[in-house]
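Read-outs: derived from the displayed coordinates by stated rules, not from any lab. For clarity, every value in this text was computed on a predicted model and none was experimentally measured. A quick note on method: Cβ atoms are made from the backbone with ideal geometry, for glycine too, and the neighbour counts reach across all protein chains shown.
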Amino acid sequence: MAGSKLQRLRTNLHFLFAFVLLSVFSVSGEQFWDGAISYQPPFPMLANSKPLTVGAILPDWEFYTTPSPTNGTPQIVFHVGSVDSICGDDKPATPITNMLDLKRFLESTLASDPLATNFSSSIIEIDGRQALIAVARTNWIEGRQFDWFGGAYFFWESNADWQKSTLCVIKIAVVRRETLYALTNSLRTIKIKLRPRKN
């Protein structure tokens, strides 16, 4: 009972923080992201702000396309959330304070997943900061919409309590492997315009 109350309190605080943050900037989700990060996909894509989700401190920012025979219907979603909320039920055995810690954690949880094959991850740089790139072919049930998933992770804001540090997570879902590689490679061109704070 105490745990559920604590979880509700944490969720309410996330929403309150998001409301205050967006009120201070007095902008929509798209405008915030446009002022925070510069990103140009390798082919034309539409963009919009998604509704605020539990565990997020900002509305997600989504890039998508209409179906095409070349690229299918690729999707890219930018998300910011606490390390604790992003890890979910898979609680890390040791603190996650850098990208190597996160790489080890993902490898221990995703690489052993029977639904995922061809999993790989590597640490790169995005605009001068360490970031983790991960890709996997996911064998879902027949009729699945996406065959390949990938993404990038980097710290958005650091906190003395590592579970309260926030990560920017960029999720990619595509049908074709070539499209996945094109999109993951394009993440290297991201420019961070709004510098995260250290708490």
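Observations on the model:
- Placed amide H near Gly151: partners under 5 Å, 5+ positions off or other chain: Ala134, Ile172
- From phi via Karplus (6.51, -1.76, 1.60), per-residue ³J(HN,Hα) for the range 122-135 in Hz, x at Gly/Pro: 8, 9, 10, 10, 10, 6, x, 10, 5, 9, 9, 9, 9, 9
- Extension gain for Glu178 to Asp89 (0.36 nm times residue separation, less C-alpha to C-alpha distance): 28.8 nm.
- Here's how it looks for Val80: its modeled amide H is under 5 Å from those of Ile57, Leu58, Val169, which are all 5 or more places away or on a different chain.
- Residue-wise HN-Hα couplings along the range 173-179, as the Karplus relation 6.51 cos²θ - 1.76 cosθ + 1.60 with θ = phi - 60° gives them from phi, are 9, 9, 8, 9, 4, 4, 5 Hz; Gly and Pro carry x.
- Peptides 35-45, 73-83, 161-171 ordered by packing proxy, namely the average of other Cβ atoms within 10 Å per residue, highest first: 73-83, 161-171, 35-45.
- Rounded FRET efficiency, nearest 0.05, which uses the C-beta distance separating Ser68 from Glu125 and R0 of 25 Å: 0.20
- Karplus-derived 3J(HN,Hα), 6.51/-1.76/1.60, for each residue of the range 180-194, Hz, glycine and proline x: 4, 5, 4, 6, 5, 5, 5, 5, 5, 8, 4, 10, 8, 8, 9
- The label-point distance for Asp161 and Arg188, in a model that sets each label 7 Å from Cα toward Cβ, rounds to 3.8 nm.
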